[in-house]
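Here the structure is laid out as structure tokens; the discussion comes afterwards.
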Amino acid sequence: MSTLAADLDLPEIPLDAGTFEERRALRTALPDGTWLFRNLIGYGVLRYEDAIGVLRDKRWHSASGRIPELMGITRQDFLGRQRGSILSAEGDEHVRLRRLVAPAFNPRAADRLRPFMREVMNGLIDPVAANGRADFVADVTEPYPIPIICELLGAPRSDWQLFSRLASDVLEIFSADLADKIDLVMSAQDELDEYTRQLIAERRSKPADDLLTDLIAAEEAGDKLSTDELVMMVNAVIVGGTDTTRNQLGCAVSLFAEHPDQWALLAERPELAPRAVEESMRFFGAVRGTVRYASCDIEYRDVVFPAGTFISVGLADANRQEDVFPEPDRFDITKPAPEQPQLTFGSGIHYCLGASLARAELQEALPLLAQRMPNLRLDGPVQWKPEGVGIFGPAEMPITFDPGH
Ligand code: HEM
């Protein structure tokens, strides 16, 4: 027999419930068999099977385009614009977009950029290597993804700075005080769109070996992306692909700073990089959760969620579940690959489109850093970004390491 969610007596877990250890304490304190809880936006799930259950159920729609609305923003020009993105598209529209763009994001396309990723990372390490000291965020994680996204799109080196400024303004869309920054975000989006349109026009007349050319050429059964859709995809790549990668790199390295034996091992055995990336994303993911809303009345596990209900999906909680990941609270890059994937890239139809690129970026960065920053340790406390369902990572991370490598 089914019950309306609102009629259930459920535990309450805040959305921003602290550190992994604090969340583990909250999870273990839940009555046996608890899979659903209440929070500020409605409900939440935190077990692996329910995270996948919700994310793979097409009746639950992405709430990424509705987060500004949830934050109380009512400006229609702003809201309408965010809804057009692949990140929030649903149904046939989403299927069509994914089918057209997915081939351009395959692992081989990401592999083309690996030598360039190493060049960028070496260029960031060079100025700090002699000193053996750095703010890992300002010196390494912040600048790392922009040149790669530029190279991916085919934007020239002379535009890196412009692109970096526009991307930081566009990324203010994730800030807690978005209401005050709407004009800044929209004007950066306008400028970026204009820039992208020019880049598209150039690629149309002179194709190159880059993502933009692949997206322009992408065609299926006579269908192609329009110029507006190409512009939207570039925006989605910036919104989805810069801050995530930065913060994941920061989270991973903060973790290695606490596990010096694993850092030394990675330097010695760079072939462990793919396992190191999956294990650090499982253990300490930069995207800790995501949000869905019910597009119609949904019955799930005998509970009825009326249309419009919001539900948070605890990716980080699921990544620490004992019956899915053996010894989940032990970080070890030599553990055999688990049978089920870690969930920091999400699951289902919105599964991260840039996962191959992000994996390549992290797999190239981590062993290189381990080799060139031996004996890495923290040189003061890490300042963390505010906790929430958004992207999490260090804001400042002073480090020290053996110089001269
Ligand atoms: C470590 C880095 C990254 C992490 C942790 C990450 C995480 C995620 C997650 C969790 C989702 C699904 C969100 C949801 O279901 O609500 C997602 C979607 C997406 N990601 Fe990533 N991402 C990363 C890097 C990238 C990169 C490098 C790109 C682009 C080149 C990218 C582009 C996208 C796009 C376009 C989507 C939307 C896909 C869709 O809705 O169909 N991401 N990402």
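Readers should treat all values here as calculations from the given coordinates under stated rules, not as data from a laboratory. The structure displayed is predicted, hence computed values, not measured ones. Cβ sites come from the backbone with ideal geometry, for glycine too, and all protein chains shown count toward neighbours.
Could you please find all residues in the range 41-92 being closer than 17 Å to ALA176 by Cα and away from the ligand (no atom under 13 Å from the Cβ)?
Passing the criteria: ILE41, PRO68, GLU69, LEU70, MET71, GLY72, ILE73, THR74, ARG75, PHE78, LEU79.
Those residues that are within 13 Å of the ligand (Cβ to nearest atom) and surrounded by fewer than 18 Cβ atoms within 10 Å (Cβ to Cβ), I need them from the range 137-170; list them, please.
Across the range 137-170, there are no qualifying residues.
Might you check whether a residue that is surrounded by fewer than 19 Cβ atoms within 10 Å (Cβ to Cβ), polar (S, T, N, Q) and within 19 Å of the chain's Cα centre (by Cα) occurs anywhere in the range 341-361?
Yes, the range 341-361 has at least one match.
Taking the condition of being assigned to a helix (DSSP H, G or I) and over 21 Å from SER356 (Cβ atoms), how many residues in the range 205-228 meet it?
Total meeting the criteria: 3.
Out of everything in the range 110-155 that is among the small types (Gly, Ala, Ser) and either in a helix (DSSP H, G or I) or in contact with a strand residue (DSSP E or B) (Cβ under 9 Å, 6 or more places away or on another chain) (or both), what residue ends up being farthest from ALA167 (Cα to Cα)?
Applying the filter and picking the extreme gives GLY132.
Cβ-Cβ distance below 7 Å, separation of 6 or more or different chains: which pairs start in the range 96-122 with a residue that is away from the ligand (no atom under 14 Å from the Cβ) and end on one that is basic (Lys, Arg)?
Filtered contacts from the range 96-122: no entries.
Restricting to the range 342-394, and then to whatever is among the polar types (S, T, N, Q) and closer than 21 Å to LEU211 by Cα, can you tell me which residue is farthest from the ligand (Cβ to nearest atom)?
Filtering first and then ranking leaves GLN363.
For the range 295-335, list the strands (runs of 3 or more DSSP E) that sit wholly inside it and hold at least 3 residues that are within 16 Å of the ligand (Cβ to nearest atom) and closer than 19 Å to GLY348 by Cα; which are they?
Strands (runs of 3 or more DSSP E) meeting the threshold: 310-314.
Does ARG282 satisfy the criteria of being part of a helix (DSSP H, G or I), touching a Phe, Trp or Tyr at 6+ places or on another chain (Cβ under 7 Å) and within 24 Å of GLU339 (Cβ to Cβ)?
Yes.
Give the residues of the range 235-260 that are more than 16 Å from the ligand (Cβ to nearest atom), assigned to a helix (DSSP H, G or I) and farther than 13 Å from GLN371 by Cα, sorted by residue number.
ALA257, GLU258
Only one of (1) more than 22 Å from PRO14 (Cα to Cα); (2) surrounded by 23 or more Cβ atoms within 10 Å (Cβ to Cβ) fails for ILE311. Which number is that?
The failed condition is (1).
Could you tell me how many of the residues in the range 234-263 are over 16 Å from the mean Cα position of the chain (by Cα), among the acidic types (Asp, Glu) and surrounded by 20 or more Cβ atoms within 10 Å (Cβ to Cβ)?
Number of matching residues: 0.
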